[in-house]
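First the structure, in the form of structure tokens, and then the observations on it.
The values are calculated or read from the model by the stated rules, or taken from the named source; none is laboratory data. None of these values were measured; they are calculated from a predicted model. All Cβ positions, even for glycine, are placed from backbone atoms using ideal geometry, and neighbour counts span all protein chains on display. Just so you know, the surface numbers come from the protein's heavy atoms only, side chains and all, with ligands and any DNA or RNA stripped out. Shrake-Rupley method; radii C 1.70, N 1.55, O 1.52, S 1.80 Å.
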Amino acid sequence: MIGYELEVDLAVTDEDGDYIEGDTHLALSTTVPSFTLVTDARLLNDDNLYSNIEFVTDPVSVIGTRHATGPAIVLAQLDAVRAARDALYFAGEGPLADADETLTTVGAGDTALLNPNLGYDETFTLLAHYSVGVPLAGMPHFFDRLRDAAPIPDYDDVSPVLVRARFSLFQAESFADCEIRLFLETPGAPAAGSAETRALCGYLQLAYMQICALADNLDVQGEGAQIKNLTAVLCRSAFIDVFPLLCAEARAYLRSRCEGDAPIITNLADHQEVPQPGGEEWTFHEDGVRQSGTLEAITLGAFALSVFNGEPRVEPQRVFGGMREIAPHEEEGAAVVPFEIRTIGAQEKDWAEVRADLEALCTWCEEAYRRA
């Protein structure tokens, strides 16, 4: 399945002209498949927060028997989102409830006001995050496709956080290759290139990006680095639910690598600490503590071990903060793991770029599904 979030600059306030808490539901579309309007948060020119509009779509299945029809549905849904966006901008200042007859306001949306004159810079661009479900054995191929579409940019041209996320995407492959070579030497290991081995490779890459996002966040003490933006891919499932999807030999291998001095953590730290383009160096603070809101704190080392041991349960929100968690589930006979793509192509997009991204993702998901 594919779903996505599209943010626009357009400001929305409550009936008194004040900020509305993030992730507040404002309206539902009457189109099928539907989408929801929610609030996000951005900065005004005076550095105070304001609420902006975000479109969140219902997911659409695009693999297996659904691949013949799913991509067209995804693009039709995008057209409906664009029509709603245009209606909101055309409406100008006034009640959200009066802006678009294809939207049904809910809760705070009933009294919310659109305010394009609130005091921010309007770019008329889109900030997009896509979520997909991919089988573990298809992830190596999917991540190869993503690396092609998200190369490491010139350090001076973009945010250092973006460079870091994409560098880790490439390092994930190197880390996984090291571990796969060792895995293939263990007695009874599946053959190189088998579905079981490719699933382990996918798991290792996904795990690397989550663990390194926390490591990098701790290294900079969170300064100017929203933790979610430090990974190219954000897993929406707890790893305790993903781990059982691996074959018995892969699970035993990972657990053996957590024994004693935990050589798998050492290997991961060695990759995380490799200087990136621009020369910036990073450090793996194994005892560093992450505290997300009121959730129980966790150390980097404990999180890494939970991922490779397959226990205990560590919810993604405990590390990354507020997000919708989705367990692995079956799609068209394959167990897929949902994750969010945090960076692909340009940071700020136009409608043609979003359309091209969605077309590509529909293709990549089907390719990954076939390989699994």
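If a helix is a whole DSSP H run, which ones in the chain reach 27 Å or further along their own axis (Cα) and hold a mean Kyte-Doolittle hydropathy of at least 0.0?
Values: long enough: 70-91 (32 Å, 0.77); 160-184 (36 Å, 0.66); 195-219 (36 Å, 0.41); 351-371 (30 Å, -0.51).
The answer, listed by residue number, is 70-91, 160-184, 195-219.
So how far apart, in nm, are the two label points at Ser159 and Arg255 if each is 7 Å from Cα heading toward Cβ?
With each label point 7 Å from Cα toward Cβ, the separation is 4.0 nm.
How large, in Å, is segment 218-327 by the Kirkwood hydrodynamic radius built from its alpha-carbon pairs? Mind dumping the intermediate values first?
Values: mean 1/r = 0.0659 Å⁻¹.
When all Cα pairs of segment 218-327 are included, the Kirkwood radius is 15.2 Å.
Could you give the length gained on full extension between Glu348 and Asp46, defined as 0.36 nm per residue of separation minus the Cα-Cα distance, in nm? Working shown, then result.
On the way: separation 302, 0.36 × 302 = 108.72 nm, distance 2.20 nm.
Answer, rounded to one decimal: 106.5 nm.
log₁₀ I(q)/I(0) of segment 1-143 at q = 0.14 Å⁻¹, via Debye over equal Cα point scatterers, no solvent, to two decimals?
Each listed q maps to, in turn, -0.67.
Give me D for segment 88-234 in µm² s⁻¹, whole number, from Stokes-Einstein with Rh from the Kirkwood sum over alpha-carbon pairs, 4 °C and 1.567 mPa s. Please list the in-between numbers first.
Working: Rh = 18.8 Å.
Here the translational diffusion coefficient equals 69 µm²/s.
Taking θ = phi - 60°, what integer Hz values does the Karplus form 6.51 cos²θ - 1.76 cosθ + 1.60 yield along segment 52-69, in sequence order, with x for Gly and Pro?
Using θ = phi - 60°, the values come out as 10, 8, 10, 9, 10, 8, 5, x, 10, 6, 10, 10, x, 5, 8, 5, 5, 10 Hz.
Please compute the alpha carbon radius of gyration of segment 314-372, then divide it by the globular-protein estimate 2.2 N^0.38 Å. Two decimals is fine.
Working: Rg = 14.3 Å, N = 59, 2.2 N^0.38 = 10.4 Å.
Against the empirical 2.2 N^0.38 Å value, I get 1.38 for segment 314-372.
Quote the relative contact order of the chain in percent (integer), defining contacts as alpha-carbon pairs under 8 Å separated by 6+ residues. Don't skip to the end; give the middle numbers.
Numbers: 701 pairs, mean separation 77.5, N = 372.
Relative contact order, the chain: 21 percent.
Taking the Cα atoms of segment 43-108 alone, what are Rg (to one decimal) and Dmax (as a whole number) in Å?
Considering segment 43-108 through its Cα atoms, Rg and Dmax are 16.1, 51 Å.
Quick one: length gained pulling Ala302 to Asp79 fully straight, 0.36 nm per residue minus the C-alpha distance?
Details: separation 223, 0.36 × 223 = 80.28 nm, distance 4.45 nm.
Length difference between fully extended and current span is 75.8 nm.
Amide H neighbours of Arg257 under 5 Å, counting only residues 5+ apart in sequence or on other chains, H built in-plane at 1.01 Å?
Here the answer is none, since no amide H 5 or more places off falls under 5 Å of that of Arg257.
Compute the distance from the alpha-carbon center of segment 199-213 to that of segment 1-15, in whole Å.
29
What is the distance in Å between the Cα centroid of segment 95-157 and that of segment 237-310?
29
In whole Hz and in residue order, list the ³J(HN,Hα) couplings for segment 280-290 that follow from phi through the Karplus curve 6.51 cos²θ - 1.76 cosθ + 1.60, θ = phi - 60°; x for Gly and Pro.
3J(HN,Hα) across segment 280-290, in whole Hz: 5, 10, 10, 10, 8, 8, 4, 8, x, 10, 10.
Which is farthest toward the positive dipole end of segment 57-163 among Ala76, Leu96, Asn115, measuring Cα position about the Cα centre, with Cβ charges +1 (Lys, Arg) and -1 (Asp, Glu)?
Looking along the dipole axis, the top candidate is Ala76.
If contacts are Cα pairs under 8 angstrom and at least 6 residues apart, what is the relative contact order of segment 72-163 in percent?
Values: 42 pairs, mean separation 15.7, N = 92.
After rounding, I find 17 percent.
In debye to the nearest 20, how big a dipole does segment 202-329 give about its Cα centre with +1 on each Lys and Arg Cβ and -1 on each Asp and Glu Cβ?
Working: 9 positive and 17 negative charges, 120 e Å.
Charge dipole of segment 202-329: 580 debye, to the nearest 20.
Starting from the 7 Å offset along Cα-to-Cβ, what nm value, one decimal, do you get for the label separation of Asp270 and Glu122?
Here the answer is 5.5 nm between the modelled labels.
How big is the chain along each principal axis, measuring the range of its Cα positions in Å and listing the largest first?
Taking max minus min along each principal axis of the Cα atoms, the chain gives 68, 46, 38 Å.
About its Cα centre, what dipole magnitude does segment 286-372 give when the only charges are +1 on Lys and Arg Cβ and -1 on Asp and Glu Cβ, stated in debye to the nearest 20?
Working: 9 positive and 17 negative charges, 36 e Å.
Rounded to the nearest 20 debye, it is 180 debye.
Round to a whole number: what % of the accessible area of segment 1-144 belongs to carbon and sulfur, probe 1.4 Å? Could you put the intermediate results ahead of the total?
Numbers: 3130 of 6010 Å².
With neighbouring chains kept in place, the figure for segment 1-144 is 52 percent.
Suppose all protein chains stay in the model; what accessible area per residue would a 1.4 Å probe give for the chain, in Å²?
Working: 15450 Å² over 372 residues.
With the other protein chains kept in place, the chain gives 42 Å² per residue.
Using every alpha carbon pair in segment 155-266, what percent of pairs falls into each 5 Å bin from 0 up to the bin containing the largest distance?
That works out to 2, 11, 20, 21, 19, 12, 8, 5, 2, 0, in percent per bin.
If we restrict to alpha carbons, what Rg and Dmax does segment 65-172 come to, in Å?
Over segment 65-172's Cα set, Rg and Dmax evaluate to 19.5, 50 Å.
Using just the C-alpha positions of segment 269-333 as equal point scatterers, what log10 of I(q)/I(0) does the Debye formula give at each q in 0.16, 0.19, 0.20, 0.25 1/Å?
-0.72, -0.88, -0.93, -1.10
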